[in-house]
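Read through the structure below, which is laid out as structure tokens, and then see the notes.
The values are calculated or read from the model by the stated rules, or taken from the named source; none is laboratory data. As the structure is a computational prediction, the values presented were derived from the model and not from experiment. Cβ sites come from the backbone with ideal geometry, for glycine too, and all protein chains shown count toward neighbours.
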Amino acid sequence: MSIAELMIKSSIGKINIEFDPIEMAKQMQIDILDFSGTHAMALGKLPFHHKDPFDRMIIAQALVNKIALMSDDSKFSNYNCHII
């Protein structure tokens with residue numbers, strides 16, 4: 001979902017990306033998660049503490065996959081997920 005958000009912001013001219021996010025993730029040995037129907041179902045059940053749809057999708061992925069996520073967004077702490 002982070003790559004999707006980057007590409008949307010790039011396509012509307014909000015940010016300039018001069019690198020391939022997929023290649024960068026591979027170089028950094030970061031796994032890229034698919035967003036599945038199971039993630040979408042979890043997303044629909046999340047309390048509405050956060051309005052950003054991409055952040056909500058990332059939170060849903062973290063909860064479903066039982067993995068930590070990295071963020072400095074204080075709103076993430078309202079969800080029952082492990083934040084690095």
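Quick notes on this one:
- Those residues of region 22-41 which are over 14 Å from the mean Cα position of the chain (by Cα), assigned by TED's automatic domain parsing to the domain that holds Ile83 and surrounded by 12 or more Cβ atoms within 10 Å (Cβ to Cβ), in sequence order: Thr38
- Any hit, region 47-65, residues being surrounded by 14 or more Cβ atoms within 10 Å (Cβ to Cβ), assigned to a helix (DSSP H, G or I) and of a type in the set (Gly, Ala, Ser): yes
- Any hit, region 3-23, residues being closer than 15 Å to Ala62 by Cβ and among the small types (Gly, Ala, Ser): no
- For region 66-77, the set of residues classified as of a type outside the set (Gly, Ala, Ser), surrounded by 14 or more Cβ atoms within 10 Å (Cβ to Cβ) and within 10 Å of the chain's Cα centre (by Cα) consists of Leu69 only.
The rows are residues; the columns are (1) modelled with pLDDT of 95 or more; (2) in the same structural domain as Met1 (by TED's automatic domain parsing); (3) aliphatic (A, V, I, L, M).
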| site | (1), (2), (3) |
| --- | --- |
| Asp20 | yes, yes, no |
| Leu43 | yes, no, yes |
| Asp52 | no, no, no |
| Ala60 | yes, no, yes |
| Leu63 | yes, no, yes |
| Leu69 | no, no, yes |
| Lys75 | no, no, no |
| His82 | no, no, no |
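- Subset of region 66-80 [assigned to a loop (DSSP other than H, G, I, E, B) and more than 16 Å from Leu46 (Cα to Cα)]: Ile67, Ala68, Met70, Ser71, Asp72, Asp73
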